[in-house]
Structure formats: structure tokens, C-alpha cells
Amino acid sequence: MVQIHGYATHDLEKNFYIVMEYYPLGDLKKNLLDASNTEFNNLLVKLKIMIQISRAVHELHKHNIVHRDIKPHNFLVKVRF
């Protein structure tokens, strides 16, 4: 879950902008596909990631929120494991 710092709308274009925390490591998919990133090739690290994802989805469900597009590209990585 990301921290939202603010948001804005532009009525003329019907656009919605969100200002959120910066994640310098990018998304999970990028990190999993990066062959030089050996940390993400470790089975224990992959299990830790799955546990974190499961907890995040569980937290959403507790608040009656359904994420309809769960995939590695939609998870941001904040720190290395």
C-alpha cells in the first residue's frame, strides 16, 4: 500500500492526478526480470514477497476493496531484501 500525499483534478480534461511516495526500485516485475538482481532469484525472498502481497490483499479485502488487476507490474518495491 502506498502513501498518498495529495491529489488533483483537471475538469477540462477530466484527468485525475495522484501524488504518492517515490519507489526508486520500480515495480516487482522489473526486479524479477532483472538477471543481475540475484536477490529476487532466492526462493526465501520470493516467499517473503508472496507473504507481503497476501497480507496487502487481505488488508484490502478487510475494507471491502477488490483489486481487479493483481500482477507483479502493479506492486512497487521500496527496499531490497
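Residues of segment 45-70 being part of a loop (DSSP other than H, G, I, E, B) and exposed (fewer than 10 other Cβ atoms within 10 Å of the Cβ), which ones?
Step one: list which residues in segment 45-70 are part of a loop (DSSP other than H, G, I, E, B), which gives 63-70.
Listed by number, the residues that qualify are 63, 64, 65, 66, 68, 69.
Name every residue in segment 1-20 that is free of Cβ contacts under 8 Å to residues at least 40 places away in the same chain, assigned to a loop (DSSP other than H, G, I, E, B) and under 28 Å from residue 63 (Cβ atoms), in order of residue number. Step through it out loud before you land on a result.
Quick first cut of segment 1-20, residues free of Cβ contacts under 8 Å to residues at least 40 places away in the same chain only: 3-20.
Now narrow it down to the ones that are assigned to a loop (DSSP other than H, G, I, E, B): 3, 11-14.
Matches in segment 1-20: 3, 14.
Restricting segment 17-44 to residues that are at pLDDT below 85 and among the hydrophobic types (A, V, I, L, M, F, W, C) leaves a set whose member that is surrounded by the most Cβ atoms within 10 Å (Cβ to Cβ) is 40.
The values are calculated or read from the model by the stated rules, or taken from the named source; none is laboratory data. Since the structure is predicted, the reported quantities are computational estimates derived from the model, not experimental observations. Backbone-built Cβ (ideal geometry, glycine too); neighbour counts: all protein chains shown.
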